[in-house]
């Protein structure tokens, strides 16, 4: 008879690590965000975004035609810095 023992905590950690890796890969697939993605990622309304950081000279954005685009990695870095400045 074959008997298998599984360490539940270790199996859970392996599972969570795999999910985290896949999420990072998914996030890395975005080069630019549009305004809808920016709203989704920040959980903020368009008015809140404009009132809080959109007009900040350091906020990375580019208007192409009539649509705003935001470089994903640069915006993530800006938002991390921005929120920490508000908390401290």
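No value in this document is a laboratory result; all are computed from the given coordinates. The model shown is predicted, which means the values in this text are computed figures rather than measured ones. Glycine also receives a Cβ, built like all others from the backbone with ideal geometry; neighbour counts cover every protein chain displayed.
Output the peptides 69-77, 11-19 sorted from most to least packed, where packing is the average of other Cβ atoms within 10 Å over each peptide's residues.
Result, highest mean Cβ count within 10 Å first: 69-77, 11-19.
Whole angstrom only: what separates the Cα centroid of segment 1-41 from the Cα centroid of segment 63-88?
Cα centres, segment 1-41 to segment 63-88: 23 Å.
In what sequence do 39, 81 fall when counting other Cβ within 10 Å, fewest first?
Least crowded to most crowded, the residues run 81, 39.
With an 8 Å cut-off on Cα pairs and a minimum separation of 6 or more residues, tell me the relative contact order of segment 23-71 in percent.
Relative contact order for segment 23-71 comes out at 45 percent.
Label the chain by shape, choosing from rounded, prolate and oblate, from the square roots a ≥ b ≥ c of the eigenvalues of the Cα gyration tensor; if a/c is under 1.5 it is rounded, and otherwise prolate applies when a/b is larger than b/c, oblate when it is not.
Because a/c hits 1.5 or more and a/b exceeds b/c, the chain counts as prolate.
At a threshold of 8 angstrom on Cα-Cα distance, excluding pairs fewer than six apart, so keeping six or more, what relative contact order does the chain reach in percent?
27
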